[in-house]
1. What does the convex hull of the Cα atoms of the range 1-81 come to per residue, in Å³, rounded to a whole number?
2. Of the listed pairs 3/165; 35/165; 99/128; 3/23, which have alpha-carbon separations greater than 25 Å here?
3. For a protection proxy built on the mean count of beta-carbon atoms within 10 angstrom, sort 136-143, 103-110 highest first, please.
4. Starting with the highest mean, order 16-29, 44-57 by the number of other Cβ atoms within 10 Å, averaged over the residues of each peptide.
5. So, in Å, what gap is there between the alpha-carbon centers of the range 146-178 and the range 51-130?
6. Taking the Cα centre of the chain as origin, work out the dipole magnitude from +1 charges on Lys and Arg Cβ and -1 charges on Asp and Glu Cβ, in debye rounded to 20.
7. What order do you get for 145-151, 188-194 when each peptide is scored by the mean count of other beta carbon atoms within 10 Å, highest first?
8. Please work out how much length the chain gains when fully extended from residue 59 to residue 156, using 0.36 nm per residue of separation minus the C-alpha to C-alpha distance, in nm with one decimal.
Amino acid sequence: MNKSIVILISGRGSNMEALLEAKLPCRVAAVISNKADAEGLNTAKAHRIPTAVVSHRDYPDRADFDTALAQVIDGFQPDFVILAGFMRILTADFVNRYKGRLINIHPSLLPSYGGLHTHERALHDGVKIHGCTVHFVTPDLDHGPIIIQAAVPVHCHDTPQTLAKRVLHEEHRIYPQAIRWLCRDQIELNENGRVVFRHRKQVGHALISPSLE
Ligand code: GRF
């Protein structure tokens, strides 16, 4: 039976769109935003995906918001919860409720540059390689087990915008691949908390080649 996913967004939703257009081996049960004006909600509706808004502004604290969000998510009974530009820090209770089922994409080569403004910080440090990471979410922000990464060169005349564009192109490539692996049960966490391919048993999270199939 096909697995199902719920995608959480806060804004533009270009990663969500990449997932919707990737012909994944799963059903997208819903797209949920914490912002009613998130552009991505319109894209989801255009793809005839059910949408919901749970505004963090309607709740006094993180715990109450996360409880309300979890209730809406659980109504769709997804196998996986996919964060795609969801700009809220989640409580440990929320993260633990979806242990092994909550996935995020981050615009840096983790563990470097967790947090915000990753492209600005990479340029400031003068790194020559930057990129993006898909990982399982754990209570430790931007530190969960890595599923896949893609690297891009940093050019001398890059601005945060040009670098972000190059990285985003890779995000749209690796996120569908990670979700495909998950929905096909092709990856698992080993005893050391590393992501491995189920049938090959090697730690395999880095793919830089243009062919991801
Ligand atoms: C992406 O760069 C993603 O890695 C980060 O937030 C951005 C969201 O962009 N978490 P979009 O909404 O998917 O276009």
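Bear in mind that the values in this text are calculations on the coordinates, not laboratory data. Quick caveat, the model's predicted, so the values are computed rather than measured. Positions of Cβ are backbone-derived with ideal geometry, glycine not excepted, and every protein chain shown enters the neighbour counts.
1. Values: hull volume 6.6 nm³, N = 81.
Once divided by residue count, the hull of the range 1-81 is 81 Å³.
2. 3/165; 99/128
3. 103-110, 136-143
4. 16-29, 44-57
5. So the two Cα centres are separated by 18 Å.
6. 600 debye
7. Numbers: 145-151: 21.1, 188-194: 11.3.
Answer by packing, highest mean first, reads 145-151, 188-194.
8. This chain segment gains 30.4 nm when fully extended.
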